[in-house]
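A short write-up of the structure that comes next.
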Number of protein chains: 2
Amino acid sequence: MNVIVGQSGGPTAVINSSLAGVFESAVSRGADHVYGMCNGISGFLEDRYVDMTEILKDPIDIELLKRTPSSYLGSCRYKLPDPEAKDSEAVYSAIMKKLNNLDIGCFFYIGGNDSMDTIAKLSRYGEMTGSKIRFIGVPKTIDNDLVVTDHTPGYGSAAKYIGVVMKEIIRDATVYGTNYVTIVEIMGRNAGWLTAAASLAKGSDCEGVDMICLPEVPFDVDRFIEKVRRIQENKKSIVIAVSEGVKLADGRYVCELSDDVHAVDAFGHKALTGTARFLANTIAKTLNTKTRCIELSTLQRCAGHLTSRTDITEAYQVGGAAVKAAFEGNTGQMVALKRISNSPYQCTTELHPVSEIANLEKKIPLEWISDDHTQMKPEFIDYAFPLIQAELTPIFVGGLSHHVHL
Amino acid sequence: MNVIVGQSGGPTAVINSSLAGVFESAVSRGADHVYGMCNGISGFLEDRYVDMTEILKDPIDIELLKRTPSSYLGSCRYKLPDPEAKDSEAVYSAIMKKLNNLDIGCFFYIGGNDSMDTIAKLSRYGEMTGSKIRFIGVPKTIDNDLVVTDHTPGYGSAAKYIGVVMKEIIRDATVYGTNYVTIVEIMGRNAGWLTAAASLAKGSDCEGVDMICLPEVPFDVDRFIEKVRRIQENKKSIVIAVSEGVKLADGRYVCELSDDVHAVDAFGHKALTGTARFLANTIAKTLNTKTRCIELSTLQRCAGHLTSRTDITEAYQVGGAAVKAAFEGNTGQMVALKRISNSPYQCTTELHPVSEIANLEKKIPLEWISDDHTQMKPEFIDYAFPLIQAELTPIFVGGLSHHVHL
């Protein structure tokens with residue numbers, strides 16, 4: 001019996017650690033071949049896949065795989081039609097035929113809520129047609145916006161990266177002792193988990209960020225500028241973390257106030273960019289201060305050189321738990337992380353029907369946000385702090401972190 | 001006898017390692033007090049300084065100082081008048097009086113070519129007035145554009161950071177297997193040393209960047225777009241490293257073609273920003289491809305979490321060598337790095353009159369740039385490779401790299 005695994009959606013720094021977990025667990029449980037879909041279900045439909053059992057023969061490759069950011073197998077943003085819809089039969093029967101030709105018993109898909117949509121539909125189709133193939137979802141997203149799971153693999157490393165670079169940006173921004181407003185734009189369309197991680201920078205050696213702007217609460221440009229003006233009366237260098245997805249009370253994204261073009265992807269999501277630049281320009285025009293905008297951009301999701309060991313270990317574990325679940329007969333499920341205790345931090349895995357997860361978004365509880373909407377309460381720190389603990393050093397070759405790639 | 005030290009110009013990840021080198025060497029050579037100017041000569045003129053001997057008492061603080069990015073003492077961009085100019089007497093006699101009040105025998109200034117201008121003028125004034133104070137420059141700049149010295153402390157770490165993140169960006173940009181042009185904007189006003197470091201990404205595990213655009217050679221927008229079009233015929237995801245300072249044949253910066261406002265600093269340098277965005281927008285309008293622009297921004301100069309041990313060690317050494325030089329009676333000199341051999345890499349220090357260095361810029365030799373102006377020749381790799389070797393791990397506390405600050 002063979003298994004197949006794919007990666008979908010945006011890359012993370014630890015998505016390949018989940019791939020390593022699936023691969024090693026499937027091999028140790030007796031899978032003859034572990035196939036990898038190239039560019040997810042989209043590439044598989046074009047017969048693009050590899051036999052990972054043939055490629056990853058040397059144990060050093062597995063270690064490098066765990067430390068290689070971005071999706072080793074490639075990714076896609078491909079939305080399957082509803083299996084119940086007319087005209088959907090062609091694509092599903094094509095997928096099933098290809099899976100049966102490869103003697104696939106278990107199908108794993110590592111991704112976020114769009115990817116869980118794929119697992120939900122495939123398992124539904126499988127059930128409708130009496131297929132024996134088991135479909136299991138492996139959670140992954142820096143956005144941390146999957147419901148049911150305590151957190152998502154990928155988030156801890158991105159949060160650690162954001163905490164570390166915010167401290168560095170704060171140190172950098174204070175050197176001249178002049179009026180200076182730095183606005184750092186952080187990913188997160190509708191959920192502010194990543195932006196909230198900027199609050200982790202505060203500590204005995206760092207004054208922390210002066211404001212955090214989340215998509216969970218409405219954004220008011222005038223109130224924002226007035227707040228900056230007031231803070232700057234007592235503090236020359238201000239550093240602000242702002243989510244790319246902050247929205248006005250009328251639902252428009254702040255970045256839509258700028259002149260940039262905004263493309264739309266296959267799932268209907270608008271490309272968000274330019275929030276920090278818009279706010280920095282607006283402040284520069286209104287207040288007597290220098291401004292700088294910094295977009296963390298892809299660096300926050302691909303910084304394999306700065307990962308949380310807690311995160312990379314859990315990413316591996318959810319991969320392994322997915323294989324265990326499938327081999328024990330489950331289908332249509334996603335592996336979720338369940339926090340047992342916070343001090344000491346302990347976390348285990350459990351299964352949840354993927355239909356309860358697909359296409360839903362978990363946002364930051366409003367009671368974790370300060371009343372004036374600009375800082376995180378201790379509840380958030382307690383939640384996020386364990387997820388960024390410990391490091392997994394890259395393997396440096398010739399001065400640079402070394403990777404594997406197809 | 002006491003000494004005083006200041007930091008000036010843009011921050012780097014290792015400028016505080018030079019400060020640690022000055023501090024520890026001065027203490028071990030018998031300085032009673034090591035004073036630190038807050039915000040360089042500008043803050044010193046306002047009597048803002050600290051007694052580092054009182055602050056840095058615990059050896060762990062020195063270790064943290066070496067690993068703390070940005071200027072511990074704060075920085076400034078302050079241009080002294082010519083000591084020969086009319087009306088310059090007031091500022092120089094104010095400085096000298098303050099120095100004499102503190103019983104300063106040696107004055108160290110850690111910075112780039114603007115800072116060496118300060119050392120040149122102070123030592124000239126000292127000579128004119130028969131002062132016994134010795135003025136020594138300690139080189140520092142991520143830009144690597146100081147003449148005489150083989151390279152500058154700060155460059156190796158910035159180059160290593162750029163090499164590492166370019167590899168990560170290349171991995172990230174290839175995941176979807178779709179047409180995609182990523183343009184990464186890297187610092188460097190007139191010298192392309194940092195942008196050239198993107199060439200280090202190429203190796204057995206990485207295909208490297210597809211184009212490197214340097215300020216040393218004239219930039220032609222149409223030729224650039226045609227080159228992108230040609231490369232994309234065979235390769236869907238293209239990653240391009242472009243210097244913020246690329247210029248047209250007529251001398252205008254490419255970023256001036258965009259609509260952004262461009263401020264000017266005290267030394268008359270225009271703020272450069274928007275080069276990558278302009279090029280990405282131009283490509284998106286012209287070619288059928290998705291584009292993304294990434295500005296490495298301040299992260300490339302403040303990434304204390306990813307430094308070159310070679311660099312951080314040399315930064316410490318030039319600080320120590322400056323103290324040795326001053327205590328042996330030299331003044332008006334800068335410590336330079338002299339490469340003895342490349343394989344094995346060996347480097348020592350020597351002194352050069354600061355008047356030969358101030359206000360000059362060292363650019364990349366044109367013979368190190370490929371004939372089509374888009375890649376680096378092996379001569380550059382041979383030069384830069386030793387400078388990024390080995391790592392100095394941050395001290396992580398609570399999951400984040402720990403710093404010291406005033």
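The values are calculated or read from the model by the stated rules, or taken from the named source; none is laboratory data. All figures in this text were calculated on a predicted structure; none of them were measured in a lab. Virtual Cβ from ideal backbone geometry, glycine too; neighbours counted across all protein chains shown.
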Quiz item: Among B:ARG301, B:ARG309, which is within 14 Å of chain A (Cβ to nearest Cβ) and in contact with a helix residue (DSSP H, G or I) (Cβ under 7 Å, 6 or more places away or on another chain)?
Solution: B:ARG301
Quiz item: Restricting attention to segment A:191-225, which residues are touching a Gly at 6+ places or on another chain (Cβ under 6 Å), more than 21 Å from A:GLY112 (Cβ to Cβ) and crowded, with 23+ Cβ neighbours inside 10 Å?
Solution: A:LEU200, A:ALA201
Quiz prompt | Selection within segment A:278-298 - under 25 Å from B:TYR176 (Cβ atoms) and either among the charged types (D, E, K, R) or away from chain B (no Cβ under 11 Å) (or both) | solution = A:GLU295
Quiz item: Only one residue in B:ILE183, B:ILE231 is at pLDDT 95 or above, among the hydrophobic types (A, V, I, L, M, F, W, C) and surrounded by fewer than 23 Cβ atoms within 10 Å (Cβ to Cβ). Which one?
Solution: B:ILE231
Quiz prompt | Answer from A:THR152, A:THR178 - the residue that is modelled with pLDDT of 95 or more and either surrounded by 24 or more Cβ atoms within 10 Å (Cβ to Cβ) or farther than 17 Å from A:ALA315 by Cβ (or both) | solution = A:THR152
Quiz item: Which ones in segment B:149-191 are small (Gly, Ala, Ser) and under 30 Å from B:CYS347 (Cα atoms)?
Solution: B:GLY154, B:GLY156, B:SER157, B:ALA158, B:ALA159, B:GLY163, B:GLY188, B:ALA191
Exercise. Name every residue in segment B:237-275 that is within 14 Å of chain A (Cβ to nearest Cβ), modelled with pLDDT of 95 or more and farther than 20 Å from A:ALA284 by Cβ, in order of residue number.
Key: B:SER237, B:VAL239
Practice problem: Consider A:ASP87 carefully, then state whether it is within 14 Å of another protein chain (Cβ to nearest Cβ) and either among the acidic types (Asp, Glu) or in contact (Cβ under 8 Å) with a residue 60 or more places away in the chain (or both). | Solution: no
Quiz item: Quick check: anything in segment A:90-110 in contact with an Asp or Glu (Cβ under 7 Å, 6 or more places away or on another chain) and either crowded, with 18+ Cβ neighbours inside 10 Å or not assigned by TED's automatic domain parsing to the domain that holds A:VAL14 (or both)?
Solution: no
Practice problem: Could you check B:GLN333 against (1) crowded, with 19+ Cβ neighbours inside 10 Å; (2) among the polar types (S, T, N, Q); (3) not assigned by TED's automatic domain parsing to the domain that holds B:SER131 and say which number it fails? | Solution: (3)
Quiz item: If you take the residues in segment B:385-400 that are of a type in the set (Val, Ile, Thr) and out of contact with any His (no Cβ under 6 Å at 6 or more places or on another chain), which one is modelled with the lowest pLDDT?
Solution: B:THR393
Exercise. Please work out which residue is nearest to the other protein chains (Cβ to nearest Cβ), limiting yourself to segment B:1-43 and to residues that are in a loop (DSSP other than H, G, I, E, B), surrounded by fewer than 24 Cβ atoms within 10 Å (Cβ to Cβ) and not small (Gly, Ala, Ser).
Key: B:CYS38
Quiz item: Pick from segment B:52-62 the residues that are away from every other protein chain (no Cβ under 13 Å) and under 26 Å from the mean Cα position of the chain (by Cα): which of them is surrounded by the fewest Cβ atoms within 10 Å (Cβ to Cβ)?
Solution: B:ILE62
Self-check item: Looking only at segment A:351-406, and only at residues there that are without any contact (Cβ under 8 Å) to a residue 12 or more places away in the chain and aliphatic (A, V, I, L, M), the one that is farthest from A:MET116 (Cα to Cα)
Solution: A:VAL397
Self-check item: Given (1) closer than 27 Å to A:LEU64 by Cα; (2) within 13 Å of chain A (Cβ to nearest Cβ), index of the condition B:VAL181 fails
Solution: (2)
Exercise. Would you mention how many residues in segment A:184-209 are free of Cβ contacts under 8 Å to residues at least 60 places away in the same chain, away from every other protein chain (no Cβ under 14 Å) and under 20 Å from B:THR298 (Cβ atoms)?
Key: 1
Practice problem: Could you tell me which of the residues B:GLY245, B:GLY188 is assigned by TED's automatic domain parsing to the domain that holds B:THR273, assigned to a loop (DSSP other than H, G, I, E, B), at positive phi and crowded, with 24+ Cβ neighbours inside 10 Å? | Solution: B:GLY188
